[in-house]
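Beneath this line is the structure, given in structure tokens, with notes to follow.
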Amino acid sequence: KSMWVATVHSACVRILRQEATRLGYSNSFSIYDSADSQRLITIVAKELNLDAKRYPARQFQSMISNAKNELLGPQDYLNAASNQFEQVVADVYAVYQQRLIRANAMDFDDLILKTVEVLQRFPEAKARFRSRFRHVLVDEYQDTNHAQYLIIKSLAARFENICVVGDDAQSIYSFRGANIQNILNFQRDYDNVQIFKLEQNYRSTKNIVEAANSVIEKNKTKLDKQVWTENSEGSKVKVKQTVNEVTEGRFVANSIFDNKMNLQL
């Protein structure tokens, strides 16, 4: 009963339901999903007389999300703006954030950002949660961003009983703010680190594993490992370039269908 088993976002919700009043919200704050967020940004952009075709709400949403993942508030973002478009984004960001606060609401990125703010600004809350979590286990650690990293490091700081599971070679979400340095630098962040390499692959054929290894070994920074399998050689790897994601999907679906038909024959 004392365990928390949660995504980072849902864990942050549990923390903020207790601590949100410190930041000017009520503990019953609303949570805006991606669609809610985009609708509000569309309204804000329209009120600022911005052309929807030139300034699509989805692009504003992505850039504001990236800013929050880097712990940049509206004024921070404005100060760092290097061109006219980023200044426009800063204007939208400022009004958007004001509307969220007025509505007693947070978007998904605020859940992380505001939790970092609580842990950094209020020593009593930080000490209480550090005492609460004697052991911390994080899965898919290679997909954590900078803000999530700060939360995890803060919560684990007292006891340093932390275990992370991940694969630097599977870090594919940098476009969403994931920072591969979090897993690469784990040994620097904590003392007496033990590493357990799970190198046997039970799923793929030898040709697939060897092809993956040959690509991964070109990475300039990586954690050394050599994946292997006892499975059969399997078919040779095929490379197919497609025009877009739609034709790629059709190619994959047709390949599965053809293979199924051949097995039946």
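The table below lists the values:
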item	result
Near pairs, Cβ below 7 angstrom, 6+ apart or cross-chain, from the range 203-222 (under 28 Å from ASN185 (Cβ atoms)) to any residue that is in a helix (DSSP H, G or I) and open to solvent by less than 80 Å² (accessible area, probe 1.4 Å)	ILE216/ALA169; THR221/LEU184; LYS222/ASP168; LYS222/ALA169; LYS222/ILE216
Sole residue being of a type in the set (A, V, I, L, M), within 27 Å of ASN185 (Cα to Cα), open to solvent by 20 Å² or more (accessible area, probe 1.4 Å) and outside any helix (DSSP H, G or I), chosen from LEU137, LEU113	LEU137
Every residue from the range 18-63 that is touching a residue at least 40 places away in the same chain (Cβ under 8 Å) and of a type in the set (Ser, Thr, Tyr)	TYR25, SER26, SER28, SER30, TYR32, SER34, SER37
Restricting the range 140-175 to residues that are among the β-branched types (Val, Ile, Thr) and farther than 15 Å from ILE195 by Cα, the residue that is most open to solvent (accessible area, probe 1.4 Å)	ILE172
Residue check, VAL92 surrounded by 15 or more Cβ atoms within 10 Å (Cβ to Cβ) and touching a residue at least 60 places away in the same chain (Cβ under 8 Å)	no
Selected residue (criterion: modelled with the lowest pLDDT) from residues of the range 42-69 that are over 18 Å from the mean Cα position of the chain (by Cα) and among the small types (Gly, Ala, Ser)	ALA52
Some residue of the range 69-88 being of a type in the set (Val, Ile, Thr) and in contact with an Asp or Glu (Cβ under 9 Å, 6 or more places away or on another chain)	no
So SER10, is it surrounded by fewer than 19 Cβ atoms within 10 Å (Cβ to Cβ) and part of a loop (DSSP other than H, G, I, E, B)	no
Count of residues meeting criterion [surrounded by 22 or more Cβ atoms within 10 Å (Cβ to Cβ) and of a type outside the set (Asp, Glu)] in the range 99-110	1
Meets criteria (closer than 24 Å to ASP109 by Cβ, in contact with a strand residue (DSSP E or B) (Cβ under 8 Å, 6 or more places away or on another chain) and of a type outside the set (A, V, I, L, M)) for ARG176	yes
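The values are calculated or read from the model by the stated rules, or taken from the named source; none is laboratory data. Note that the coordinates shown come from a computational prediction; the quantities given were computed from them, not determined experimentally. No Cβ is skipped: glycine too gets one built from the backbone with ideal geometry, and neighbour counts run over all protein chains shown. These accessible areas exclude ligands, DNA and RNA; they are computed on the full protein's heavy atoms, side chains included. Shrake-Rupley method; radii C 1.70, N 1.55, O 1.52, S 1.80 Å.
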